[in-house]
Amino acid sequence: MSKSRFRIAVLAGDGIGVEVMAAALEVVETLAEHVGGMGFDMLPVVGGARAYTETGQALSETAWEDAEAADAILFGAMGLPDVRYPDGTEIQPQLDLRARLDLYAGVRPVRSIPGLPSPLADVRAADIDFTIVREQTEGIFWSYGRGKREGNQVAEDTIRVSRPATERIVDFAQATALKRKGAGRPGKLTLVDKANVLGSMAFMRQIFEERSKRKPELRSEATYIDAAALGLVKKPWDYDVIVTENQFGDILSDIGAALIGGMGFAPSADIGDDHALFQPCHGSAPDIMGTGKANPTAMLLSAAMMLDWLGERHGHAKTSEAARVLEDAVRATYAATGLVPFELGGRAGTAEITKAVKQQITGR
């Protein structure tokens, strides 16, 4: 019998993370009641910049243990611009969670939402639907906490690309492309690198080409990061699944978010073999904290990704159904109501958007 009750570690964090997390928990509770057949035990876990200023720890050992023991981690936003470690870097426990829990695959879906303005609205904005898969344990981010500095003269960070890490991220991206192909997408996988300049990237491309031979049912190609950035702006509908190094994926994800309305609409997941964390791509936005202007859409779509992952991992059909219901409700909210969030020049805030999505779920 598949699991039907799930323990979720809830790390609301800082700034608007607290506000959009409250919206997500409210909507997930509505889904559990409306769809049925599932239950959630939501465990609040303290962490982030505020925790660091109060305790000297961004995440306590107890918080680590709670996150590791949970079925999934739901993450709001952590970090504040004026709170930093002694080396000048911001408080970003999500990077530590990735490393400790081996969340090697960063998954960033980019899909247009009907009813929202887009820079490509007069072209083919409705056709934007691709997924970026980032390798999150290596690349330039491998130097996080390892960088070298020589006084006030030189600072050095190192790119790392290994065969095991590259093989598993390519395999993960291939599985993602095959799943999307089964849902009617093209079944196309694009590696983004800088293989014409960097030996590490040439090695990554070599491994990609080796693994591609194992999946002839996919169309596999490779392109340089500068060409990919141009392509995403000019013809984003040409892409299906992109697999790339950590920093490149970080930048391309923000380009993708801009194409569909902004960071407030961009969900993400950090996935490993045993654990997964789900969070909006935006930050803590302390400038609008407490104003009610925070857009919960990315947080809601991240919760939908969590439900989908739980359903697939545990073979639980109702949880998978809830994921589809939530994503459809978000899309229908903007298509049918004409709501426009504050960051797009509208007047719809956290409460109004949350209420509208709940009404789409329940039909009342």
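Dipole of region 119-259 computed with +1 at Lys/Arg Cβ and -1 at Asp/Glu Cβ about the Cα centre; of Ile251, Val170, Tyr239, farthest Cα towards the positive end is Val170. Per-residue Cβ neighbour counts within 10 Å put Ile288, Ile16 in the sequence Ile288, Ile16, beginning with the fewest. For Gln174, what is the net charge nearby, where nearby means another residue's Cβ is under 9 Å from its Cβ and Lys, Arg count +1, Asp, Glu -1? Overall, the nearby charge balance is +2. Backbone N atoms of region 152-180 closer than 13 Å to the 7 Å Cα→Cβ label point of Asp87 belong to residues 155-158.
Restricting the count to DSSP beta bridges whose residues both fall in region 119-259, what percent are antiparallel, rounded to a multiple of 5?
On the way: 4 of 18 bridges.
Restricted to region 119-259, the bridges split so that about 20 percent are antiparallel.
Be a star and scan region 265-305 for residues whose amide nitrogen sits under 12 Å from the point 7 Å along the Cα-to-Cβ vector of Leu198. In region 265-305, the label zone of Leu198 (backbone N under 12 Å from the point 7 Å along Cα→Cβ) covers no residue.
Which loop chymotrypsin sites (Phe, Trp or Tyr not before Pro) in region 160-210, with loop taken from DSSP, have no more than 16 other Cβ atoms within 10 angstrom of their Cβ?
On the way: sites: Phe172, Phe203, Phe208; in loops: none.
Sites meeting the loop and neighbour criteria: none at all.
Set the Förster distance to 22 Å, then compute FRET efficiency between His314 and Thr62 from the Cβ-Cβ distance, nearest 0.05. Provide the component values of the computation, followed by the final result.
Values: r = 26 Å, r/R0 = 1.17.
Calculated value: 0.30.
In plain terms, the residue of Ser162, Ser253 with the fewest other Cβ atoms within 10 Å comes first and the most crowded comes last, giving Ser162, Ser253.
DSSP beta bridges confined to the chain are antiparallel in about 40 percent of cases. Around Ala303, under 12 Å between beta carbons, what's the net of Lys plus Arg minus Asp minus Glu among the other residues? Summing Lys/Arg as +1 and Asp/Glu as -1 gives -4. Shape class for region 119-259, computed from the alpha carbon gyration tensor (a ≥ b ≥ c): oblate, with a/c not under 1.5 and a/b at or below b/c.
Between Arg163 and Lys148, what length in nm is gained on full extension when 0.36 nm per residue of separation is reduced by their alpha carbon distance? Write out the running numbers ahead of the final one.
Numbers: separation 15, 0.36 × 15 = 5.40 nm, distance 2.44 nm.
Roughly 3.0 nm would be gained on extension.
Go ahead and collect, in residue order, the members of region 162-197 whose backbone nitrogen is under 15 Å from a label point 7 Å along the Cα-Cβ direction of Glu156. Label zone hits: none. Could you compute the FRET efficiency for Thr53 and Asp287, with r as their C-beta to C-beta distance and R0 at 25 Å, rounded to 0.05? Working from the Cβ atoms, E equals 0.85.
Inter-label distance, Ala99 to Asp274: 1.9 nm, where each label sits 7 Å from its Cα along the C-beta direction. Sparse packing (at most 12 other Cβ atoms within 10 Å of the Cβ) combined with a DSSP loop state is found for the following trypsin sites (Lys or Arg not before Pro) in region 157-223: Lys213, Arg214. Charge tally around Ser200: other residues with Cβ under 14 Å, Lys/Arg +1 each, Asp/Glu -1 each, net -1. In this simple spin-label approximation, Glu33 and Ala183 carry label points 7 Å from Cα along the Cα→Cβ vector, and these lie 2.8 nm apart.
Pick from Leu189, Leu344, Leu80: which residue has the top mean-square fluctuation in a GNM of the chain where Cα pairs under 10 Å get a spring? Per the Cα network of the chain with a 10 Å cutoff, Leu344 tops the list.
What is the calculated FRET efficiency for Asp226 to Asp41, with r their C-beta to C-beta distance and R₀ = 51 Å, to the nearest 0.05?
Values: r = 47 Å, r/R0 = 0.92.
After rounding, the FRET efficiency stands at 0.60.
In the elastic network of the chain, a GNM with C-alpha springs shorter than 10 Å, the most mobile of Gly151, Gly15, Gly345 is Gly151.
Where a number appears in this text, it was derived from the coordinates with a stated rule and is not lab data. Bear in mind that the values here come from a model prediction, so they are computed numbers and not experimental data. Heads up, the Cβs are rebuilt from the backbone with ideal geometry, glycines too, and the neighbour counts pull from every protein chain shown.
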